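Every number here is computed from the coordinates shown, using simple stated rules; none is lab data. Values in this document were obtained by computation on a predicted structure and should not be read as measured data. Counting neighbours? That spans all protein chains shown, and the Cβs are built from the backbone with ideal geometry, glycine included.
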Amino acid sequence: MIVLNVTYRCRPGMRGEFLSRIHAEGLDASSRAEQGNIKYDYYFPENDGDALLLIEKWSGQNALAEHALTPHFKRLQELKPVYVLETAVERFEGQY
């Protein structure tokens, strides 16, 4: 299993709009529906009003690689420059 903690540092005041856009376009739902997806959920860190945390769990590298080829993944990459200043990714592998 692969777990990704993706932290988006959003432009000031744009976190909510970014997440609303993700929901409105169904990008999160499409990711959850992929074969090999175990978890795909967004969270608001309590102490940082401009951060958005995405926790993803995938069954393995093949599922994650396929995810990166999907239209909804590509759409998220197109949206990021509008809403996000930087992205940090933590990757964990093993049995969870």
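With L64, L54 as the choices, which residue is touching a residue at least 24 places away in the same chain (Cβ under 8 Å), hydrophobic (A, V, I, L, M, F, W, C), closer than 18 Å to A88 by Cα and in a helix (DSSP H, G or I)?
Residue meeting the stated conditions: L64.
For every residue, the table says whether it meets (1) farther than 17 Å from V3 by Cβ; (2) surrounded by 11 or more Cβ atoms within 10 Å (Cβ to Cβ); (3) within 14 Å of the chain's Cα centre (by Cα); (4) not charged (D, E, K, R).
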position	(1), (2), (3), (4)
S30	yes, yes, yes, yes
E34	no, yes, yes, no
D48	yes, yes, no, no
I55	no, yes, yes, yes
S59	no, yes, no, yes
L64	no, yes, yes, yes
E86	yes, no, yes, no
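Would you check if L76 is under 18 Å from R91 (Cβ atoms) and part of a helix (DSSP H, G or I)?
It is true that L76 is under 18 Å from R91 (Cβ atoms) and part of a helix (DSSP H, G or I).
Scan the range 12-28 residue by residue and report those that are exposed (fewer than 15 other Cβ atoms within 10 Å of the Cβ) and in contact (Cβ under 8 Å) with a residue 40 or more places away in the chain.
Matches in the range 12-28: E17, E25, G26.
Could you list, in sequence order, the residues of the range 66-84 that are out of contact with any Ser or Thr (no Cβ under 9 Å at 6 or more places or on another chain) and loosely packed, with under 14 Cβ neighbours inside 10 Å?
A68, L69, K74, Q77, E78, P81, V82
For the condition aliphatic (A, V, I, L, M) and in contact with an Asp or Glu (Cβ under 7 Å, 6 or more places away or on another chain), what is the one hit in I38, I2?
I2
Take the residues in the range 1-11 that are of a type in the set (A, V, I, L, M, F, W, C) and closer than 22 Å to P71 by Cβ, then tell me which one is surrounded by the fewest Cβ atoms within 10 Å (Cβ to Cβ).
Looking at the filtered set, the residue picked out is V6.
Which residues, taken from the range 67-96, are closer than 22 Å to I38 by Cβ, hydroxyl-bearing (S, T, Y) and touching a residue at least 60 places away in the same chain (Cβ under 8 Å)?
T87, Y96
Taking the condition hydrophobic (A, V, I, L, M, F, W, C), surrounded by 13 or more Cβ atoms within 10 Å (Cβ to Cβ) and without any contact (Cβ under 8 Å) to a residue 40 or more places away in the chain, does I38 pass?
Taking the combined requirement at face value, the residue satisfies it.
Taking only the range 14-40 into account, find how many residues are under 21 Å from P81 (Cα atoms) and either of a type in the set (D, E) or part of a loop (DSSP other than H, G, I, E, B) (or both).
Of the residues in the range 14-40, 5 are under 21 Å from P81 (Cα atoms) and either of a type in the set (D, E) or part of a loop (DSSP other than H, G, I, E, B) (or both).
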